[in-house]
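A.B. asks: A single structure is presented below for examination.
The values are calculated or read from the model by the stated rules, or taken from the named source; none is laboratory data. What you see is a predicted model, and the numbers here were worked out from it, not measured in a lab. Positions of Cβ are generated from backbone atoms using ideal geometry, with glycine treated the same way; all protein chains shown enter the neighbour counts. Calculation scope for accessible area: heavy atoms of the full protein, side chains included, ligands and nucleic acids excluded. Shrake-Rupley method; radii C 1.70, N 1.55, O 1.52, S 1.80 Å.
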Amino acid sequence: MAKASQTPVMRQYLTAKQAHPDALLLFRMGDFYELFFEDAVVAARALDLTLTARNKGAEDEIPMAGVPHHAASGYVQRLLEQGFKVAICEQMADPSKVKGIVPREVVRVVSPGIAYDDAGIEARQNHYLCAVEQAGTFGIAALDLTTGELRACEAPDAAAAVAELVRLDPREVLVGPGAVAIATGLEEARARAVVRSLADVLETADADAALDAQLGAGEARASSPSAVARRAAGRCVAMARASEAGRPLPVSRLAFYELGDTLILDEATQGHLELVRAVDGTERGSLLAQIDVTRTSPGARLLRRRLLAPLTGVAEIRRRHRSEEHTSELQSLTN
């Protein structure tokens, strides 16, 4: 390994890997993305790839596995579905026009909560990356980069926080220090989300700065009265900005909501009522499948959210009913 790591290409690889130790590094070499060392062993097992070796038979033999670059989307999606984080290291110049080693950089880092491309998106459901922070109460934020939606709330205790996360049904949850009860609760609830417990503390001032950089000066405090909810939202935005490697995020506002405005339905209640999934875990046969006649993906997402979060205020329920009646009248006039 020592000799191999001294070659220019392997030094380049090791530098990129050192910057992203928690991700499987797909390292572009010509027509393939290659993985080395333990990444190769893990990816070969996860993707059913042939595990080969660089310097095969030599003392410094390095495990190696690769996937064709033109088919990378399917392989990356399979890794995300298994809960892995993936870093994409690209060639930054045409090899035929470069003398010496080809420059390479990590251009994207994707995880289950951040879709790689359209192949990983279910258009009729939100694709949430969530974060949880604790400061007495619990702050919860949900970011959907496919729609630009950023929402946050404050939960009074761990049970309420877990129930809200189960309702949101995120692909990934970032759990800040001190909120370990959330990770345990999600595991017991058999949530499909990948849960990542983080060691670094995100201060409120840093979270507000991250949000203001994305939304505009002063927008963090103006959007949310809850500091712990802003910390969770800042965590989501910070991860998304780091993952997207300088690409502008399609997020322009933070929507704060109160848990008391809707009925909290825990995982057991949702399961017994078969609101969005039947007993076998599929959507077919659920209440949602029976009533969903929406024509657009945004409409389908809205129906799903409303089904899982029934209103508790009579005035707001009546307002929504009047809105639906008005919409029906307009449709009848236009038909």
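A.B. asks: Look at residue 174 and say whether it is within 15 Å of the chain's Cα centre (by Cα), more than 29 Å from residue 274 (Cβ to Cβ) and open to solvent by less than 10 Å² (accessible area, probe 1.4 Å).
C.D. replies: Against the criterion (within 15 Å of the chain's Cα centre (by Cα), more than 29 Å from residue 274 (Cβ to Cβ) and open to solvent by less than 10 Å² (accessible area, probe 1.4 Å)), residue 174 qualifies.
A.B. asks: Go through the residues of the range 297-305 one by one and say whether even a single one is part of a helix (DSSP H, G or I), under 20 Å from residue 128 (Cα atoms) and polar (S, T, N, Q).
C.D. replies: Looking through the range 297-305, at least one residue is part of a helix (DSSP H, G or I), under 20 Å from residue 128 (Cα atoms) and polar (S, T, N, Q).
A.B. asks: Return the pairs, sorted by first residue and then second, in which the second residue is part of a helix (DSSP H, G or I) and open to solvent by 40 Å² or more (accessible area, probe 1.4 Å), the first residue lies in the range 298-312 and is free of Cβ contacts under 8 Å to residues at least 12 places away in the same chain, the beta carbons are less than 9 Å apart, and the residues are 6+ apart or on different chains.
C.D. replies: Within 9 Å, the pairs are 306/320.
A.B. asks: Go through the range 73-125 and report how many residues are assigned to a strand (DSSP E or B) and of a type in the set (S, T, N, Q).
C.D. replies: 2
A.B. asks: So, in the range 292-308, how many residues would count as being open to solvent by 30 Å² or more (accessible area, probe 1.4 Å) and over 16 Å from residue 274 (Cβ atoms)?
C.D. replies: Number satisfying all stated conditions: 10.
A.B. asks: Also, quick follow-up: Output the residues belonging to the range 94-111 that are surrounded by 12 or more Cβ atoms within 10 Å (Cβ to Cβ) and more than 16 Å from residue 43 (Cβ to Cβ).
C.D. replies: If the condition is that a residue be surrounded by 12 or more Cβ atoms within 10 Å (Cβ to Cβ) and more than 16 Å from residue 43 (Cβ to Cβ), then 98, 101, 102, 104, 105, 106, 107, 108 are the ones that fit.
A.B. asks: If a residue has to be surrounded by fewer than 23 Cβ atoms within 10 Å (Cβ to Cβ) and either free of Cβ contacts under 8 Å to residues at least 60 places away in the same chain or touching a Leu at 6+ places or on another chain (Cβ under 6 Å) (or both) to count, how many in the range 132-155 make the cut?
C.D. replies: Result for the range 132-155: 1.
A.B. asks: Give me the helices (runs of 4 or more DSSP H) completely within the range 1-72, filtered to those with at least 2 residues that are surrounded by fewer than 18 Cβ atoms within 10 Å (Cβ to Cβ) and among the polar types (S, T, N, Q), ordered by residue number.
C.D. replies: 8-19
A.B. asks: So which residues in the range 186-206 are under 18 Å from the mean Cα position of the chain (by Cα) and either under 20 Å from residue 108 (Cα atoms) or crowded, with 18+ Cβ neighbours inside 10 Å (or both), if there are any at all?
C.D. replies: 186, 191, 193, 194, 195, 196
A.B. asks: Of the residues 94, 60, only one is in contact with a Ser or Thr (Cβ under 9 Å, 6 or more places away or on another chain) and either over 16 Å from residue 25 (Cα atoms) or free of Cβ contacts under 8 Å to residues at least 24 places away in the same chain (or both); which?
C.D. replies: 60 is the lone residue from the list that is in contact with a Ser or Thr (Cβ under 9 Å, 6 or more places away or on another chain) and either over 16 Å from residue 25 (Cα atoms) or free of Cβ contacts under 8 Å to residues at least 24 places away in the same chain (or both).
A.B. asks: Checking the condition open to solvent by 20 Å² or more (accessible area, probe 1.4 Å), assigned to a helix (DSSP H, G or I), closer than 30 Å to residue 86 by Cβ and touching a strand residue (DSSP E or B) at 6+ places or on another chain (Cβ under 8 Å), which residue from 231, 253 passes?
C.D. replies: After applying the criteria, what remains is 231.
A.B. asks: Quick check, is residue 159 among the aliphatic types (A, V, I, L, M), buried (at least 24 other Cβ atoms within 10 Å of the Cβ) and either more than 26 Å from residue 16 (Cβ to Cβ) or at pLDDT below 95 (or both)?
C.D. replies: No.
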